[in-house]
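Heads up, the thing below is written out as structure tokens.
The values are calculated or read from the model by the stated rules, or taken from the named source; none is laboratory data. Bear in mind the structure is a predicted one, so any value in this text is a computation, not a measurement. Heads up, the Cβs are rebuilt from the backbone with ideal geometry, glycines too, and the neighbour counts pull from every protein chain shown.
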Amino acid sequence: MEPLDVELEDGELELPTDPMLLNMGPSHPAMHGTVRIVVELSGETINKADVQIGYLHRGFEKMCERGTWTQIFPYVDRLNYASPMLNNVGFALAVEKMLGVTVPERCQHYRVILGELARICDHFVCSGAMAMELGAFTPFLYFCKARDMIWDIFEEETGARLTHSFGRVGGMAHLPTPAFKEMVRTTLPAVIDILEDGENLVLENRIFLDRLENVGIISKEDAVALGWTGVVLRSTGANYDARKHHPYLTYDRYDFEVPVGQKGDNYDRFMCRQHEIRQSVRIIEQALDMMADEGPVNVDDPRIILPPKEEVYNSIEGTIQHFKIVMEGIKVPAGECYSYTESGNGELGFYMVSDGSGTPWRVRIRPPSFASTAGLEQMITGAMIPDIVPTFGSINMIGGECDH
Amino acid sequence: MSKVVLKRLEKRFGDALLSTHDQFGDETAVVTPEVWHEVALFLRDDPRCQMDHFIDLTAVDYLGRRTPRFEVVLHARSMQKLHRIRVKSPADIGPNGENPKIDSVVDVWKGANWFERECWDMFGIEFKGHPDLRRLLMYEEFEGHPLRKDYDAHKQQPLVEYREGYEKLAPFGLPEGMPFGRQVHDRWKVAVAGRTTEGETNILGFEED
């Protein structure tokens, strides 16, 4: 290239000073395919940002008003597709709260174990994807390997690797398989090994740390006012975990800690997730010890639970009962209820209104990542373009639940 | 959830508090739309309430069941005291079919921003004082508000012009609808503007009657 040796008059080579509008997404590799961020740039600094969601809107709430309560389970699977089991359990608990039933203790431990396994998967996906977007592809593959080992357990238990639809109102679809406990016990140490391997790859890497530390900081007060929950909230130092502060299932009986960050930057969010995986493993180990090998999993209530197939095919009472539950749906008492659980991203709430029939009048999901994505604008304003990638990655926006 | 908060609200707002209940253990207060913003501020700032954690804001359409037709529902929580509350307020369509209106609480909890935008998008409830009330999940050209009960689940929206003028998207075909759900068996004949369905059977193979 020739050197630029032209005599320039003042102002002739002035750089453009108008702010530049840039579209990131909706199909940008770092936008997880479902979100669009319109940024106004001055140089590489973001002056203004507008986060636009809705590309994965599937009318979940409208669909729920059209079938029976039980028919919602496949939909909630597809809300947070990184941890479908937590959604299943969350929705089942919500309907059970309205029905006033409590599942047997064996089922509670079973739900906890499956739910925590799903939480581990969720955190693996988030941390792995975030590392991958920063150029560290190997940890992503490692974490996927660990996730796959957990998915093998799910496949054995539920028959499906991703969308299990395994929860039921008043129990689970099947009993635990005989090898369940052994499978989980042998998988967990391997998962922890992989977790440590993956962490060792990135946590001493200058590039990785530079892009996480002190980037995307949010204060505790802001996070609380924005309605953040879950890991993203705890990374700011606010200690709130629904499992600890409003225990459901048998969470009050396990000994576990809630990892809390200090600064609320990307690094804190990453590390909170990593430590939460370890805590989940602790919970699972205790739950495995407490869970009985024998005993019922479903509640003993013919209005809620389908009769065994032998009865359906061999007796008229069984046939009628089966028909009534499948065709008319479970009759949920009229009223309204808000039930919440700790999902992979935070508080997953279901606000439901029933008119007493077998069809819900309104099912409102309160998706945790909807609130966190709303805070993204504040976090990236004033930052640089490359900071969007780790910041967006660390809030773990899941299109399915965020866009309903 | 907590009874303390309900008592405080009762003491402070008196007649503006329409009713309370604690069905399924969720303490609920129904207030008039006039004090909606004031209640939110009170909940956040009162030392006995300290509802600093915004949880959820949504609406329910009780078409044909109740008047006023809409109910705006807010959930909040306290980080320090660990209690929760649900506050509801009725909102009704205006005499000439105007959208229901209620005060915005974005200045109380900034997290309410997107939740109110979603609520406007889905139910057409206008939040007075909201800084940026645009559609959130739907696109700008979308007509109607999909979660209203009188919005047919089969309804199709007109094809949006490609914003730069030439057609890029394939036109809609026959209504695909959602071939499930037991409430919809009689609704298969969805008229599609500009297309005739005469002599054609729908995708389930039912004869047109």
* Asked: Among A:Gly25, A:Gly67, which is the only one that is buried (at least 18 other Cβ atoms within 10 Å of the Cβ), closer than 23 Å to A:Phe166 by Cβ, in contact with a Gly (Cβ under 9 Å, 6 or more places away or on another chain) and not aliphatic (A, V, I, L, M)?
  -> A:Gly67
* Residue that is among the basic types (Lys, Arg) and under 22 Å from A:Val281 (Cβ atoms), where the choices are A:Arg168, A:Arg185 -> A:Arg185
* What about B:His154, is it within 14 Å of chain A (Cβ to nearest Cβ) and buried (at least 19 other Cβ atoms within 10 Å of the Cβ)? -> no
* From the options A:Leu249, A:Leu233, A:Leu288, residue that is under 20 Å from the mean Cα position of the chain (by Cα) and more than 17 Å from A:His123 (Cβ to Cβ) -> A:Leu249
* Asked: Which one of the conditions (1) more than 20 Å from B:His130 (Cα to Cα); (2) in contact (Cβ under 8 Å) with a residue 60 or more places away in the chain; (3) surrounded by 20 or more Cβ atoms within 10 Å (Cβ to Cβ) does B:Ala59 fail to meet, given that it meets all the rest?
  -> (1)
* Asked: When the stretch A:157-182 is examined, which residues are found to be buried (at least 16 other Cβ atoms within 10 Å of the Cβ) and hydrophobic (A, V, I, L, M, F, W, C)?
  -> A:Phe166, A:Val169, A:Met172, A:Ala173, A:Leu175, A:Phe180
* To do: Among the residues of the stretch A:277-328, write down those that are surrounded by 14 or more Cβ atoms within 10 Å (Cβ to Cβ) and of a type in the set (S, T, N, Q).
  => A:Gln279, A:Ser280, A:Gln286, A:Asn298, A:Thr319, A:Gln321
* To do: For the stretch A:262-280, indicate whether the set of residues that are within 14 Å of chain B (Cβ to nearest Cβ) and closer than 23 Å to A:Thr391 by Cβ is non-empty.
  => no
* To do: Please work out which residue is surrounded by the fewest Cβ atoms within 10 Å (Cβ to Cβ), limiting yourself to the stretch A:257-270 and to residues that are assigned to a helix (DSSP H, G or I) and touching a Ser or Thr at 6+ places or on another chain (Cβ under 8 Å).
  => A:Asp268
* Asked: Would a scan of the stretch A:21-42 turn up a residue that is modelled with pLDDT of 80 or more and either within 11 Å of chain B (Cβ to nearest Cβ) or closer than 30 Å to B:Gly25 by Cα (or both)?
  -> no
* To do: Just name the residue that is nearest to A:Thr158 (Cα to Cα) out of those in the stretch A:120-140 that are of a type outside the set (Gly, Ala, Ser) and surrounded by fewer than 24 Cβ atoms within 10 Å (Cβ to Cβ).
  => A:Val125
* **Test: B:Leu169 is at pLDDT 50 or above and in a loop (DSSP other than H, G, I, E, B)** => no
* To do: Working carefully through the options A:Ala82, A:Ala49, find the one that is over 26 Å from A:Val353 (Cβ atoms), in a loop (DSSP other than H, G, I, E, B) and not aromatic (Phe, Trp, Tyr).
  => A:Ala82
* Asked: In the stretch B:51-84, which residue that is within 11 Å of chain A (Cβ to nearest Cβ), assigned to a loop (DSSP other than H, G, I, E, B) and of a type in the set (S, T, N, Q) is farthest from A:Cys337 (Cα to Cα)?
  -> B:Gln80
* To do: Only residues that are out of contact with any helix residue (DSSP H, G or I) (no Cβ under 8 Å at 6 or more places or on another chain), within 11 Å of chain A (Cβ to nearest Cβ) and at pLDDT 85 or above: list them for the stretch B:119-141, please.
  => B:Cys119, B:Asp121, B:Phe123
* Structure fact -> Picked from the stretch A:57-107 (must be β-branched (Val, Ile, Thr) and touching a Phe, Trp or Tyr at 6+ places or on another chain (Cβ under 8 Å)), the residue farthest from the other protein chains (Cβ to nearest Cβ) is A:Val76
* To do: Search the stretch A:166-212 for residues being among the small types (Gly, Ala, Ser) and part of a helix (DSSP H, G or I), and hand back the single one that is nearest to A:Ile150 (Cα to Cα).
  => A:Ala190
* **One residue from B:Glu10, B:Glu34 being surrounded by fewer than 19 Cβ atoms within 10 Å (Cβ to Cβ), at pLDDT 85 or above and not in a loop (DSSP other than H, G, I, E, B)** => B:Glu34
* Residue list for the stretch B:67-90, restricted to those being charged (D, E, K, R) and either farther than 17 Å from A:Met352 by Cβ or in contact with a Lys or Arg (Cβ under 6 Å, 6 or more places away or on another chain) (or both) -> B:Arg69, B:Glu71, B:Arg77, B:Lys81, B:Arg84
